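Just below is one structure, and these are the notes that go with it.
Every read-out reported here was derived from the displayed coordinates using simple, explicitly stated rules and does not represent laboratory data. Here the structure is a predicted model, which means the values were calculated and not measured. Reconstructed Cβ throughout: ideal geometry from the backbone, glycine too, with neighbour counts over all protein chains shown.
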Amino acid sequence: MNVLTTPIGKIGAFLDLIRPSFVQTGALCWRPGAAGPEVLLVRTLRRGVWIIPKGWPMKNKSLAEAAAIEAWEEAGVTGRIGTEPVGQFTYTKIKKSGLPVQCTPQIYLLEVTRIHDDYPEAKLRTRRWFALPDAVDAVQNPELKLLLASFPASERLDVVK
């Protein structure tokens with residue numbers, strides 16, 4: 001199914017024409033695995049699809065810092081966050097009011113160094129580690145699929161602080 005044939009995809013395409021996307025931030029949480037890098041995905045609250053931790057910019061925080069906070073709140077992980085975005089994707093968010101808005105999270109690599117069992121959204125979300133090919137299959141957003149498929153962890157370690 002093409003993303004533009006889904007109701008959400010059609011709404012998103014229309015919104016692109018009439019107003020710009022809202023900037024968000026997101027963390028592509030990863031760790032070394034036996035067969036290569038693994039990434040951490042979380043389920044969304046409403047639709048239950050796999051996604052990376054993401055959210056709105058935060059006052060007095062850089063987008064990278066906000067991405068690290070989102071990773072803690074949504075997935076219970078901490079680590080070293082990249083200083084520059086490695087990509088972005090666009091999706092349509094249906095706000096609580098029912099209003100659809102286009103969002104474009106700027107994505108930062110977060111090398112996970114600690115996994116916590118007790119974190120703010122532990123009772124609300126499912127988190128799971130995926131091998132990269134499995135993560136590509138698990139996510140629905142085509143742009144996020146491409147970002148995951150091109151994940152070059154070994155080339156990006158120099159941007160992690």
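What the table shows:
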item	result
Charge context of Arg47, other residues only, Cβ under 13 angstrom, K/R +1, D/E -1	+4
Net +/- balance of residues flanking Pro105 in space, Cβ distance below 11 Å, scoring K and R +1, D and E -1	0
Flagged links, alpha-carbon separation over 18 Å, of Lys54/Lys93; Lys95/Lys123; Lys59/Lys123	Lys95/Lys123; Lys59/Lys123
Length released on extending from Val23 to Val49, taking residue separation times 0.36 nm less the Cα-Cα span	7.3 nm
Extension gain (nm, one decimal) between Arg80 and Ile94, 0.36 nm per residue minus Cα-Cα	1.9 nm
Directionally averaged projected area (convex hull, Cα atoms, the stretch 21-153), nm²	7.9 nm²
Percent RCO, i.e. relative contact order, over the stretch 21-153, from Cα pairs under 8 Å lying at least 6 residues apart	32 percent
